[in-house]
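All remarks here apply to the structure that follows.
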Amino acid sequence: MNIDIYRMTIADYDEVAALWQGMDGVGLHDHEDSFEGIAAYLSRNPDMSFIARNNGRLVGAVLCGHDGRRGSINHLAVAPEFRKQNIGRTLVDRCLCELAKNGIRKCNIVVFRDNISGMEVWKKLGWNEREDLTFMQINTQR
Ligand SMILES: CC(C)(COP(=O)(O)OP(=O)(O)OC[C@H]1O[C@@H](n2cnc3c(N)ncnc32)[C@H](O)[C@@H]1OP(=O)(O)O)[C@@H](O)C(=O)NCCC(=O)NCCS
């Protein structure tokens, strides 16, 4: 199968959003995942997020960035009919390569607890579950 990997640009937004929409395992937020939100993310983290295309059709996407200390990967997604063909692995590898080039030594992900197959994928890709940590969050606009 012919799969091409490209750096994500905001011009890809409509196709990427359509891929993510309604996909189990991908939690979308009105503000952060809007056109403006993704544009801001890509401009803050240039050249670190990727898409996969099959004969021009967008079939995979991933967001990647860092805060200067740790990397983070979000919204890894591959179209159902293109799964289990190493597209997810390739997208993640490209992200990790960019993080390493930027001097970032570790990368974090957050996985929904009920995303059992997603967890399996991350483990097969070599990621370790940190059982000593609990993810916490607060709203800054109170
Ligand atoms: C997670 C996802 C992106 C994986 O994409 P993919 O292109 O199918 O992954 P790959 O083909 O690169 O597979 C990577 C590894 O995971 C394994 N794998 C893939 N799907 C799997 C599944 N459903 N269950 C168990 N293992 C799986 C592959 O066999 C491969 O391991 P191997 O190299 O040891 O054989 C895809 O399943 C998806 O879009 N899921 C819905 C969204 C989601 O949950 N995203 C993650 C958010 S945290």
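The values are calculated or read from the model by the stated rules, or taken from the named source; none is laboratory data. Remember, predicted model here, so these are calculated numbers, not experimental data. All Cβ positions, even for glycine, are placed from backbone atoms using ideal geometry, and neighbour counts span all protein chains on display. In case anyone asks, the SASA skips ligands and DNA or RNA and just uses the protein heavy atoms, side chains included. Shrake-Rupley method; radii C 1.70, N 1.55, O 1.52, S 1.80 Å.
Here are a few things to note about the model shown:
- By the Cβ distance rule of under 4.7 Å, the chain has these cysteines without a partner: Cys97, Cys107.
- Cα gyration tensor shape of the stretch 3-54, rounded if a/c is under 1.5, else prolate or oblate by comparing a/b with b/c: oblate
- Taken per residue, the accessible surface of the chain reaches 68 Å², heavy atoms only and a 1.4 Å probe.
- Magnitude of the charge dipole, the chain, Cβ model with Lys/Arg +1 and Asp/Glu -1, debye to 20: 580
- Sequence-distant contacts, meaning Cα pairs under 8 Å at least 6 residues apart, place the relative contact order of the chain at 22 percent.
- Each label was represented as a point 7 Å from its Cα along the Cα-to-Cβ direction; for Asp47 and Asn86 these points are 2.5 nm apart.
- Considering only Ala11, Ile138, Gly88, and ranking their Cα positions along the charge dipole of the chain that arises from unit charges at the beta-carbon of Lys, Arg, Asp and Glu, the one farthest toward the positive end is Gly88.
- In loop segments of the stretch 9-39 as defined by DSSP, the GluC sites (Glu not before Pro) with at most 15 further C-beta atoms inside 10 Å of their C-beta are Glu32.
- Ranked by the mean number of other Cβ atoms within 10 Å per residue, highest first, peptides 62-74, 126-138 order as 62-74, 126-138.
- Under the Debye formula (equal points on every Cα, no solvent term), log10 I(q)/I(0) of the chain at q = 0.11, 0.13, 0.18, 0.21 Å⁻¹: -0.40, -0.57, -1.14, -1.58
- Accessible-area composition of the chain, carbon plus sulfur, in percent [1.4 Å probe]: 48
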